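A quick write-up on the structure given underneath.
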């Protein structure tokens, strides 16, 4: 059966679109990792989110995300401490621990106030 010209073109555009998306993802992660190397607090938080969600071509890894959230918090990112506290609240990559939940939420609050 013969393909219509439009079908071939559509497949090419779809394939090209995937390649562009992969390149975009790789570039975005590369830029964030460069900022992480410079100890940029927000970059640690962003990269942690990529691992938490398994987005931008990175595997979903809650433990890695929590390590990055902790470092981001230590560098002054209040939001990262809140996210880490939530990981202890619901057991994402760690054992549920309400004391640690409270501790990290309080650390985040201290950075905001």
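The values are calculated or read from the model by the stated rules, or taken from the named source; none is laboratory data. Bear in mind the structure is a predicted one, so any value in this text is a computation, not a measurement. Every residue, glycine among them, receives a Cβ derived from its backbone with ideal geometry; neighbour counts consider all protein chains shown.
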When you go through (1) at pLDDT 95 or above; (2) surrounded by 11 or more Cβ atoms within 10 Å (Cβ to Cβ) one by one for residue 38, which number turns out not to apply?
(2)
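To keep it simple, each residue is scored yes or no on (1) surrounded by fewer than 12 Cβ atoms within 10 Å (Cβ to Cβ); (2) modelled with pLDDT of 95 or more; (3) in contact with a helix residue (DSSP H, G or I) (Cβ under 6 Å, 6 or more places away or on another chain); (4) assigned to a helix (DSSP H, G or I).
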site: 11; (1), (2), (3), (4): yes, no, no, yes
site: 14; (1), (2), (3), (4): yes, no, no, yes
site: 27; (1), (2), (3), (4): yes, no, no, yes
site: 34; (1), (2), (3), (4): yes, yes, no, yes
site: 46; (1), (2), (3), (4): no, yes, yes, yes
site: 60; (1), (2), (3), (4): no, yes, no, no
site: 65; (1), (2), (3), (4): no, yes, yes, yes
site: 69; (1), (2), (3), (4): no, yes, yes, yes
site: 72; (1), (2), (3), (4): no, yes, yes, yes
Selection status of residue 108, crowded, with 17+ Cβ neighbours inside 10 Å and either modelled with pLDDT of 95 or more or not in a helix (DSSP H, G or I) (or both):
yes
